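For reference, the structure is listed below as structure tokens.
Read the figures in this text as sums done on the coordinates, not as results from a lab. Remember, predicted model here, so these are calculated numbers, not experimental data. Here the Cβ positions follow ideal geometry from the backbone for every residue, glycine too, while neighbour counts run over all protein chains shown.
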Amino acid sequence: MRCDGKICQCNLGYHEVQEICMYNYGMTCSKSIDCNSPAFNCSNSQCTCNYGYTFEDNKCQSKFGHPCDNENDCNSPTMICKKTCTCNSTTHIEDNGICKGKLGQVCTGYDCASPFAECNKDSTCMCKDTYKRDGEHCKARVNSPCTVEEGCSAKHSTCKNSVCICDSGYKFNEKQYTCSGCSVSASLLVASLALGLKFVL
């Protein structure tokens with residue numbers, strides 16, 4: 001300890017817990033009780049985080065599925081605390097221990113649920129420029145990468161081999177990124193009507 005303005009304080013690198021100066025993360029220790037948090041353990045003579053915790057914001061914070069007392073104990077702002085750190089199911093989707101944001105929800109980087117959404121400058125999940133929002137999906141325009149789950153934005157287009165293409169009988173309009181023209185069934189109908197008219201005449 002040191003005396004600072006006639007007040008006893010812990011030395012730099014130590015943390016006061018119940019009037020005892022305890023070792024901080026990375027400091028030399030002989031046993032886990034020497035370290036300043038139950039989230040720490042003494043490993044290889046150093047205070048380090050227990051399994052299921054990660055060192056962030058100067059403390060060991062819980063990963064997904066591990067114990068917590070409040071949201072501040074969790075290692076991501078996208079988590080909530082329900083005795084363990086978990087996702088808020090109304091705003092986020094769990095994917096391999098990561099709470100990925102639905103469209104319009106908070107994000108911290110590459111943690112948006114849709115593969116075609118991105119975390120914008122306001123830390124919000126939004127569809128990328130060439131994709132159109134439809135509910136919780138980012139639909140791809142023609143000739144863009146897609147998934148069957150997300151789908152395509154243009155009418156008469158389908159996701160095949162991970163790319164949106166125009167359906168059979170429709171042509172790609174490069175200027176508008178749409179699929180235009182008569183479908184095969186419509187063409188057959190016109191041909192049938194023309195044939196019937198020929199017999200009438």
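Remarks
- Neighbour-limited loop hits for trypsin sites (Lys or Arg not before Pro), the range 79-133 (at most 13 other Cβ within 10 Å; DSSP other than H, G, I, E, B): K83, K121
- For T84 and E149, a Förster radius of 30 Å and the Cβ-Cβ distance give a FRET efficiency of 0.60, rounded to the nearest 0.05.
- Annotation: lysines with alpha-carbon distance below 25 angstrom to K175 (same-chain offsets under eight excluded): K128, K132, K139, K155, K160.
- Estimated distance in nm for a label pair at T124 and E174, the labels positioned 7 Å out from Cα along Cα-to-Cβ: 3.6 nm
- Potential extension, N58-T158 segment - 0.36 nm per residue separation minus Cα distance: 31.1 nm
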